[in-house]
Amino acid sequence: MSATVPEGLRRWPDIESPELQAYDGADLLLLDTAADYGLAASDGTTTVVNDHYGALVLGSVAAGARGVRVHQDTLSGEQAIEANAGRTGYGSADMEPPGFTRMPLGAELFAGARLVIVQLPRSLAALEEIAALAAEHADPEVVLLAGGRSKHMSTAMNDVLERHFSHVSAGLGARKSRVLTAAAPRTSSKAVVARFPLASHHDVGLPRPLELRAFGATFGGAKLDPGTRFLLPHLSEARSAPEAVDLGCGNGTIASYLALSRPAQRVLACDQSASAVASTRASAEANGVADRVRTIRDDALSTLPDASRELVVLNPPFHVGNAVHAGIALKLIADAGRVLAPGGELWCVWNSQLGYRAYLARLVGPTRQVARNPKFTVTVSTRG
């Protein structure tokens with residue numbers, strides 16, 4: 001058997017560019033493989049995790065599946081799936097029973113599932129969290145299919161799956177992709193689920209260590225990003241503001257640091273990753289500043305009005321998925337410029353080789369270099 005991706009899929013509202021596609025060979029191979037494991041089940045026993053723009057979800061619905069449970073960590077990915085569902089005619093609201101239902105990453109997503117389809121995440125911690133939850137809560141006869149581009153896969157992914165399933169095998173490569181098949185859940189996964197969020201602590205020049213927490217899909221995990229470490233001590237020079245914005249908060253390093261170092265200041269921490277938002281909240285709680293750190297899941301700063309904030313802090317990503325691409329960083333910088341009031345400041349740290357200063361000046365305002373080392377540059381841009 002074989003399944004197909006519905007025509008007309010787009011990446012919107014994520015970055016769209018000729019070199020960035022809405023689906024790839026791994027999606028196609030996963031659907032082909034899933035077709036041999038009851039993909040068309042209409043009883044709600046199919047779960048899809050980490051589908052980037054809807055190829056897996058909508059391909060499953062097109063094959064006859066109904067009640068598909070879906071988790072996508074990124075908000076733009078959720079919005080893309082909904083938009084593509086409407087565009088292709090496989091919208092969940094138009095079907096009875098519904099074609100798919102969005103759920104958070106947790107027990108309900110996997111309860112009783114017999115087929116779990118996963119687009120392999122970038123981090124092993126994210127795969128560990130997914131595999132452990134599936135092994136603990138899915139049907140004992142569940143089959144988990146995890147696929148990705150061969151160049152981004154490693155044998156460590158097999159090792160992660162083997163910690164949670166007794167039978168793990170790698171399929172033949174096709175379309176420059178490969179699918180790992182896991183079955184026979186082990187009974188030891190509950191203890192692994194309990195390990196999340198991961199924890200670490202770091203000396204950053206404050207009276208107490210900075211506590212960091214991270215769930216599996218949070219970029220960088222519970223580590224202290226080296227660029228952020230370079231930025232932190234310079235934030236003492238940032239203007240005062242009733243509420244600072246930590247844009248792209250990740251594990252909450254900047255949000256917690258600002259709240260600890262500026263006791264009179266509130267912090268709004270936002271990220272489009274559900275895992276990052278939960279991690280930032282956990283970090284704020286661990287540092288005792290949860291009462292002054294507010295977290296929201298947002299696509300850039302789309303929910304904030306124009307000219308409404310005085311201080312934004314940003315360590316922008318330089319990739320979209322596995323592709324190195326400046327598009328997402330420029331989107332975040334532009335939205336920071338939009339929400340800054342006249343005289344407001346954007347403090348930014350970036351890899352020096354990326355040369356963002358001209359973009360910062362154009363999208364925000366006059367930009368001054370604050371510090372630079374062999375790898376990173378710290379700048380402050382002031383809204384005119």
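Before moving on, here are some points about what is shown:
- Subset tally (residues that are among the acidic types (D, E), within 16 Å of the chain's Cα centre (by Cα) and at pLDDT 95 or above) for the range 288-310: 1
- Flag if H167 is under 26 Å from T46 (Cα atoms), open to solvent by 30 Å² or more (accessible area, probe 1.4 Å) and of a type outside the set (S, T, Y): yes
- Residues of the range 170-190 that turn out to be open to solvent by 50 Å² or more (accessible area, probe 1.4 Å) and polar (S, T, N, Q), as a count: 2
- Subset tally (residues that are outside any loop (DSSP other than H, G, I, E, B) and either under 17 Å from L75 (Cβ atoms) or among the polar types (S, T, N, Q) (or both)) for the range 250-280: 15
- In the set (1) acidic (D, E); (2) surrounded by 16 or more Cβ atoms within 10 Å (Cβ to Cβ); (3) under 25 Å from D32 (Cβ atoms), E141 fails one condition alone, (2).
- Any hit, the range 364-377, residues being within 30 Å of A26 (Cα to Cα), in the same structural domain as P226 (by the TED database) and within 25 Å of the chain's Cα centre (by Cα): no
- Index of the failed condition, R239 passing every other in (1) within 19 Å of N287 (Cα to Cα); (2) open to solvent by 40 Å² or more (accessible area, probe 1.4 Å); (3) not in a helix (DSSP H, G or I): (1)
- Test result for L30, crowded, with 22+ Cβ neighbours inside 10 Å, touching a residue at least 60 places away in the same chain (Cβ under 8 Å) and either of a type in the set (F, W, Y) or in a helix (DSSP H, G or I) (or both): yes
- Of the residues making up the range 120-137, just one is surrounded by fewer than 24 Cβ atoms within 10 Å (Cβ to Cβ) and closer than 13 Å to T47 by Cα, namely H137.
- Residue match in the range 338-353 (condition: closer than 25 Å to R372 by Cβ, outside any strand (DSSP E or B) and at pLDDT below 95): yes
- Wholly enclosed strands (runs of 3 or more DSSP E) of the range 46-123 bearing at least 1 residues within 23 Å of S302 (Cβ to Cβ): 68-71, 100-102
The values are calculated or read from the model by the stated rules, or taken from the named source; none is laboratory data. Not measured: the values here are computed from a predicted model. No Cβ is skipped: glycine too gets one built from the backbone with ideal geometry, and neighbour counts run over all protein chains shown. Remember, those area values only see protein heavy atoms, side chains included, never the ligands or the DNA or RNA. Shrake-Rupley method; radii C 1.70, N 1.55, O 1.52, S 1.80 Å.
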